[in-house]
Structure formats: C-alpha cells, structure tokens
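The values are calculated or read from the model by the stated rules, or taken from the named source; none is laboratory data. All figures in this text were calculated on a predicted structure; none of them were measured in a lab. Cβ coordinates were reconstructed from backbone atoms using ideal geometry, including for glycine residues, and neighbour counts include every protein chain displayed. All accessible areas refer to the heavy atoms of the entire protein, side chains included, with ligands and DNA or RNA removed. Shrake-Rupley method; radii C 1.70, N 1.55, O 1.52, S 1.80 Å.
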Amino acid sequence: MVSDEALRYPPGSLVIFTGLPGAGKSTLLTRLYGLTGDEHEPVAIGPVRVIDSRQSRNRWGRRLSWAPKPVRTFVVYVGHVSRIGRELAAGHSVVAHNRGAWPHVLHGFAWLARRRGRPFHLILLDVDPRTALEGQHTRGRVVPAATFDRHSRRWRRLLAQVRAGSPAPAASATVLDRAAADALRALVFEDVATVVDTG
C-alpha cells in the first residue's frame with residue numbers, strides 16, 4: 001500500500017524487490033537502508049532484515065574464484081535464498097532483492113513465505129530495457145544478450161499480469177517507475193490491510 005512516500009506491509013512479511021537486471025533494485029535498497037555494498041550478511045534494521053544478493057556474492061566471490069561462472073552463480077543464489085528462508089523462520093520481516101521475473105522463482109518465494117505463515121509481497125521496478133542495460137554497464141556486470149532477452153520477455157508478461165489486477169503468486173504487487181522509486185522513502189511494517197497497488 002502506497003501512502004506518504006512509504007509502502008506499508010503487515011509485520012513479518014516477505015517483500016521482494018524485482019525487476020530487470022540493472023533496473024536499480026540494489027541501488028534502491030542501498031538508499032532506503034544505508035547499505036554500503038560491502039556487506040557479507042543480512043543487515044538488521046530493527047525487526048527488519050535486508051537481504052541483497054550482493055551480500056552472498058561478497059561472501060562467496062573470492063572463495064569460488066576458481067569455479068566456472070555458472071557454479072558461482074548457483075552457489076550465490078542458493079545462499080541468497082537460504083538467508084531469506086532463515087530470517088523468515090526467525091520471525092523477522094524480510095526485504096530482499098530478486099533478479100528478474102522467472103515464474104518458478106517467484107513461486108518459490110511464495111512457498112517460503114506460506115511455509116512460515118507469512119504474507120508475500122512484490123515491488124516491481126519498471127524501467128525500460130535500455131535503462132536497465134545502462135545500469136548493468138554502470139555496475140560493471142552485464143548479462144549476456146540472450147539471457148537478458150529472456151528476462152525481458154518474462155518481465156513484460158509479469159507486468160501485464162499485475163496491471164491486469166493479478167499479483168499472483170504474491171498477496172500484493174506494487175509497480176514503481178523510476179520517478180516513483182526515487183520518491184519512495186520507507187517501507188513500514190505495521191498492521192494494515194493487504195491490497196494490490198498496480199501503480
């Protein structure tokens with residue numbers, strides 16, 4: 001739910017930021033929660049745990065420098081998802097990063113939240129593919145063209161579904177364009193009604 005430049009969710013929720021690679025998910029998490037990008041573990045902000053995939057990448061990057069990239073990517077992602085599961089199990093509200101819009105991944109997050117009796121919410125950062133590609137070049141990690149094309153197709157389908165009124169598998173989905181993302185000041189976890197806001 002959007003109100004006064006804040007998004008409001010029930011306590012204990014799992015809130016996933018998703019969007020095209022390079023859309024600005026880590027940038028937004030960094031601004032909202034004062035991350036440095038050097039963290040190796042989830043960041044505690046009161047009862048909230050902030051989990052960026054950079055944290056897992058920072059932990060495993062040097063240890064797995066010898067491994068092929070697909071192996072490194074797999075280990076980093078499994079570590080990232082495992083951290084989300086652990087923090088939900090510990091009773092925390094969780095704000096986390098997810099790359100792209102792969103349906104099986106979103107259903108996996110929904111399962112994690114449901115298993116712990118928690119609501120699952122999505123925040124979709126909607127930027128055009130050119131802007132996302134510029135973001136990839138800025139951060140120095142560019143997704144292969146074929147992979148990015150697959151991300152783009154799935155992203156368009158997810159956006160169309162949400163804008164048609166269906167946030168499934170999440171309880172709610174909020175779409176933020178670049179201006180709305182820049183205006184966002186906080187995520188607040190309090191007892192509120194769960195609604196679908198398609199921006």
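Of the residues making up segment 42-75, those that are open to solvent by less than 20 Å² (accessible area, probe 1.4 Å) and under 17 Å from the mean Cα position of the chain (by Cα) are Val48, Val50, Ile51, Asp52, Ser53, Gln55, Ser56. Taking residues in segment 141-162 that are closer than 16 Å to Pro103 by Cβ and without any contact (Cβ under 8 Å) to a residue 60 or more places away in the chain, and partners anywhere that are polar (S, T, N, Q) and open to solvent by 10 Å² or more (accessible area, probe 1.4 Å), the pairs with Cβ atoms closer than 8 Å and at least 6 places apart or on different chains are Val162/Thr198. Within segment 88-139, being in contact with a strand residue (DSSP E or B) (Cβ under 9 Å, 6 or more places away or on another chain), open to solvent by less than 50 Å² (accessible area, probe 1.4 Å) and of a type in the set (Gly, Ala, Ser) holds for Ser93, Ala96, Gly100, Ala101, Ala110, Ala113, Ala132. Contact map, segment 93-121: residues that are under 21 Å from Gly46 (Cβ atoms) paired with residues that are acidic (Asp, Glu), Cβ distance under 6 Å, separation 6+ or inter-chain. Pairs shown: Val94/Glu87; His97/Asp52.
Kindly evaluate Asp182 against the criterion of being of a type in the set (Asp, Glu), out of contact with any helix residue (DSSP H, G or I) (no Cβ under 8 Å at 6 or more places or on another chain) and part of a helix (DSSP H, G or I). Quick ask: steps written out before the conclusion?
Numbers: of a type in the set (Asp, Glu): yes; out of contact with any helix residue (DSSP H, G or I) (no Cβ under 8 Å at 6 or more places or on another chain): yes; part of a helix (DSSP H, G or I): yes.
Taking the combined requirement at face value, the residue satisfies it.
Starting from residues that are farther than 25 Å from Gly61 by Cα and of a type in the set (Ser, Thr, Tyr), keep the ones in segment 140-169 and report whichever is surrounded by the most Cβ atoms within 10 Å (Cβ to Cβ). Among those residues, the one meeting the criterion is Ser152. May I ask you to verify whether Arg130 is closer than 22 Å to Leu32 by Cβ and either of a type in the set (Lys, Arg) or in contact with a His (Cβ under 8 Å, 6 or more places away or on another chain) (or both)? No; evaluated as a whole, the condition is false for this residue. Within segment 60-74, does at least one residue satisfy the condition of being among the hydroxyl-bearing types (Ser, Thr, Tyr), modelled with pLDDT of 90 or more and in a helix (DSSP H, G or I)? No, segment 60-74 contains no residue that is among the hydroxyl-bearing types (Ser, Thr, Tyr), modelled with pLDDT of 90 or more and in a helix (DSSP H, G or I).
Scanning segment 1-51 for residues that are closer than 21 Å to Ala170 by Cα and of a type in the set (Phe, Trp, Tyr) yields a count of 2.
With respect to Ile84, is the statement that it is in contact with a strand residue (DSSP E or B) (Cβ under 7 Å, 6 or more places away or on another chain) and closer than 25 Å to Ser166 by Cβ true?
Working: in contact with a strand residue (DSSP E or B) (Cβ under 7 Å, 6 or more places away or on another chain): yes; closer than 25 Å to Ser166 by Cβ: yes.
Here the answer is yes, as Ile84 does meet what is asked.
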